Amino acid sequence: MRFESTLLVCCLIPLLAAEGSKQASGAEEPAARRALFGDLHIHTTFSYDAFMGGVRTTPDQAYRYAKGEAIPNTNGSPIRLSGPPLDFLAVSDHAKYLGTHASLRLPGSLTYNHPATPQLIPETATGMITGRAAFLDLVDEYPELIDKSVVGGVWNKIMEAAERHYKPGSFTTFIGYEFTPTEGGLHLHRNVIFRGKGPDLPFSTLDSLNPEDLWDWLDDQRKQGIEVLAIPHNTNQSDGLAFQEKTFEGKAIDAAWAEQRIRNEPLVEISQQKGTSETHPSLSPNDEWADFQIVQYYLNRIENKDPVSVFKGGYVRDALKTGLEMEERDGFNPYKFGFIGSSDSHVSAGAYEEDRRFSSGQDTPQGRGSAPDGDSWEGFWTPRQATHGTGGLAGVWAEENTRESIYDAFRRKETFGTSGNRMQVRFFGGFNLEAGLIADQDPIAKAYQTGTPMGGVIEGASDGAPSFLVWALRDPNAGWLQRAQVVKGWIEGGAAKEQVFDVACSDGLKPDPGSHRCPDNGARVRLSDCSVSRDKGAGTLETLWTDPDFDPAQRAFYYVRVLENPSCRWSTWDALSLGIEPNPDLPATHQERAWSSPIWYEPRM
């Protein structure tokens, strides 16, 4: 009882502060910024793959779900957030073939009841469509199916829905779409997010498959007064193409290319339902938590059993290290990006919560790989969907819940990503953060005054090491916090290295000075009912940490990763609901987490 009372107080103080910041709407004081949570990656019936999977829900319904209302899943059952509403949302339907299938049943569309309709939308009970080859053949026969007037009509409906649901101060909508180069089944996808109004038509892979051409288009949009950025995602599916040391056309990267990339892509999606792209065990063998939500199979290969085989160049920590090496060697860094999470849901709604996962297509435990087809697991091939997660969330520190304030947070990279929970994370670094900062009357205001928030750069000083303020608050509807870590990358002898430091431990524990690891806090999961230890873990973790191995001559980056206590994975919740043993090929438990955007250290030349 005493533990619960303490937790309530620790969580209530930030909530009261947030309420106070609402009253100071428009305040420009950085300390007035509060954590807002949203999803920048939601697909509706206007994405051709979602439509082919039986999805008939619209952007309007996606926004209603984000605001807390129930909407129907593909099987007709209602789905609804069990936690609070989201603060912001972007519908990001695929620009390629945007709305072409849905327009066949959309009154007023130029292709409404087109002669090809019976072939593209078979009259089945589920409305699901098998295969895409028939559509591609029909496009050759009926080019009007993807005419710009059809796409433009759907795009206008998407923009109108965003405007209809935008309520400044309480709920923010962003106009957006997804750019989807998938040649050879490899993902170089980006979500394109507009600060305000959108263009007449989106730029799609029918215009070009090269992300560099997308950047040219984005630069041109800004010249026309339309502010916009792009966010790469599923870099774990890129076969190393996402973060190379050459352009997408195979040429040498120069300073202009690096500047254009970071201007147009200041953020990267670190986690979503198709896996987490932070790092891979083969890239970070000394990181015990590097195996989180690793998707094992390519998503767009015909053969479902084709395992992902190339990891370098596909994960964001490795990209941060590559960026340091390039800056040391060439004087520029194209990979100075911040982090967000999102869902990539294709049913107009993100699941986020492990105990109630839903998805499109084979939305059954058997289809998801959490229940066998027969009476036992013997001989059962676990489908690729089984290694997927529930979907992440984007967190920002913004003065108010408006497009302008949230988008500006995107641009300055004062953002963080979560694996689906609503953990809050703050991170500051600098040479002037004083030892007594945490005990200060207003430590956050002081940190803004004397330090650099996540997403920023600190420059070298003549002596001493930088200190970092790390602060995390648990999601009151999720697990307790186990540890906060600082992930460091640096240049030594021309090559990038990395190390993970536990910097704050729960339950009064301290990191070991040699291993830099917190002792086990004793938190456990009972698989028979998925109950967790209620007397272990913290509501808040905070510390002022100084890098013990700092070398002022070495370029470096730092970011925070916060881990919850272990809890049941969604596949175990599925098995529990069916009264069966969990799939032995899948992890029964995992640790939900959050990642801050990095802070970079640059030596003063």
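The values are calculated or read from the model by the stated rules, or taken from the named source; none is laboratory data. It should be emphasised that the depicted structure is a prediction, and the values quoted were computed from it without experimental measurement. Cβ coordinates were reconstructed from backbone atoms using ideal geometry, including for glycine residues, and neighbour counts include every protein chain displayed. Surface accessibility is based on the protein's heavy atoms, side chains included, excluding ligands, DNA and RNA. Shrake-Rupley method; radii C 1.70, N 1.55, O 1.52, S 1.80 Å.
If you take the residues in segment 449-502 that are among the acidic types (Asp, Glu) and assigned to a loop (DSSP other than H, G, I, E, B), which one is surrounded by the most Cβ atoms within 10 Å (Cβ to Cβ)? Ranking the candidates gives Asp475 first. Look through Arg561, Arg569, Arg517 and report the one residue that is of a type in the set (Lys, Arg) and farther than 25 Å from Gly395 by Cα. Matching residue, one of Arg561, Arg569, Arg517: Arg517. The requirement of being touching a residue at least 60 places away in the same chain (Cβ under 8 Å), in a strand (DSSP E or B) and of a type in the set (A, V, I, L, M, F, W, C) is satisfied by Ile340. Answer with yes or no whether Ile294 is in contact with a helix residue (DSSP H, G or I) (Cβ under 9 Å, 6 or more places away or on another chain), in contact (Cβ under 8 Å) with a residue 12 or more places away in the chain, more than 22 Å from Trp217 (Cα to Cα) and open to solvent by 20 Å² or more (accessible area, probe 1.4 Å). Spelling it out, Ile294 is indeed in contact with a helix residue (DSSP H, G or I) (Cβ under 9 Å, 6 or more places away or on another chain), in contact (Cβ under 8 Å) with a residue 12 or more places away in the chain, more than 22 Å from Trp217 (Cα to Cα) and open to solvent by 20 Å² or more (accessible area, probe 1.4 Å). Do we find a residue being part of a loop (DSSP other than H, G, I, E, B), of a type in the set (A, V, I, L, M, F, W, C), over 23 Å from Gly429 (Cβ atoms) and open to solvent by less than 20 Å² (accessible area, probe 1.4 Å) anywhere in segment 507-523? Yes, that holds for at least one residue. For Thr235, indicate whether it is in contact (Cβ under 8 Å) with a residue 12 or more places away in the chain, in contact with a helix residue (DSSP H, G or I) (Cβ under 9 Å, 6 or more places away or on another chain) and surrounded by fewer than 23 Cβ atoms within 10 Å (Cβ to Cβ). So Thr235 does not fit the description; no.
Go through (1) touching a residue at least 60 places away in the same chain (Cβ under 8 Å); (2) buried (at least 16 other Cβ atoms within 10 Å of the Cβ); (3) more than 19 Å from the chain's Cα centre (by Cα); (4) not in a helix (DSSP H, G or I) for Met326 and report which single condition fails. The one condition Met326 does not meet is (4).
This table checks each residue for (1) touching a helix residue (DSSP H, G or I) at 6+ places or on another chain (Cβ under 6 Å); (2) among the aliphatic types (A, V, I, L, M); (3) open to solvent by 40 Å² or more (accessible area, probe 1.4 Å).
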| site | (1), (2), (3) |
| --- | --- |
| Ile406 | no, yes, no |
| Phe410 | no, no, no |
| Gly417 | no, no, no |
| Gln424 | no, no, no |
| Ala435 | no, yes, yes |
| Ala445 | yes, yes, no |
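Restricting attention to segment 534-549, the residues that are under 26 Å from the mean Cα position of the chain (by Cα) and either assigned to a strand (DSSP E or B) or of a type in the set (Ser, Thr, Tyr) (or both) add up to 5. Scanning segment 564-585 for residues that are crowded, with 17+ Cβ neighbours inside 10 Å and assigned to a loop (DSSP other than H, G, I, E, B) turns up Asn565, Pro566, Arg569, Pro582, Asn583.
Which one is surrounded by the fewest Cβ atoms within 10 Å (Cβ to Cβ), of the residues in segment 65-108 that are of a type in the set (D, E, K, R) and closer than 22 Å to Tyr407 by Cα? It comes out as Lys67. Residues being assigned to a loop (DSSP other than H, G, I, E, B) and at pLDDT 95 or above are represented in segment 258-272 by at least one member. Of the residues making up segment 379-426, those that are out of contact with any Gly (no Cβ under 6 Å at 6 or more places or on another chain), closer than 25 Å to Pro476 by Cα and part of a loop (DSSP other than H, G, I, E, B) are His388, Gly389, Glu399, Glu400, Thr402, Asn421, Arg422, Met423. Being open to solvent by 20 Å² or more (accessible area, probe 1.4 Å) and either in contact with a helix residue (DSSP H, G or I) (Cβ under 7 Å, 6 or more places away or on another chain) or among the hydroxyl-bearing types (Ser, Thr, Tyr) (or both) is true of Asp355.
From the list Arg555, Arg569, Arg534, the one residue that fits, being of a type in the set (Lys, Arg) and under 30 Å from Trp490 (Cβ atoms), is Arg555. So, in segment 109-120, of the ones that are part of a loop (DSSP other than H, G, I, E, B) and open to solvent by less than 10 Å² (accessible area, probe 1.4 Å), which residue ends up farthest from Ile340 (Cα to Cα)? Taking the candidates together, the pick is Ala116. Reported count of residues in segment 154-200, each being more than 24 Å from Gly314 (Cα to Cα) and surrounded by fewer than 16 Cβ atoms within 10 Å (Cβ to Cβ), is 11. Taking Gly127, is it on the phi > 0 side of the Ramachandran plot, surrounded by 11 or more Cβ atoms within 10 Å (Cβ to Cβ) and either among the polar types (S, T, N, Q) or at pLDDT 90 or above (or both)? No, not satisfied. Put simply, of Asp216, Asp207 the only residue that is part of a helix (DSSP H, G or I) and either open to solvent by 40 Å² or more (accessible area, probe 1.4 Å) or at pLDDT below 95 (or both) is Asp216. Contact annotation: residue pairs with Cβ atoms under 7 Å, 6 or more positions apart or on different chains, pairing a residue in segment 101-120 that is touching a residue at least 40 places away in the same chain (Cβ under 8 Å) and over 22 Å from Gly53 (Cβ atoms) with a partner that is open to solvent by less than 80 Å² (accessible area, probe 1.4 Å) and among the hydrophobic types (A, V, I, L, M, F, W, C), are Leu110/Val150. Does Glu227 fit the bill of being open to solvent by 40 Å² or more (accessible area, probe 1.4 Å), among the acidic types (Asp, Glu), under 26 Å from Tyr177 (Cα atoms) and more than 19 Å from the chain's Cα centre (by Cα)? The answer is yes for Glu227. Taking the conditions exactly as written (closer than 30 Å to Lys321 by Cβ and at pLDDT below 95), does Ala553 satisfy them or not? Answer is yes for this residue.
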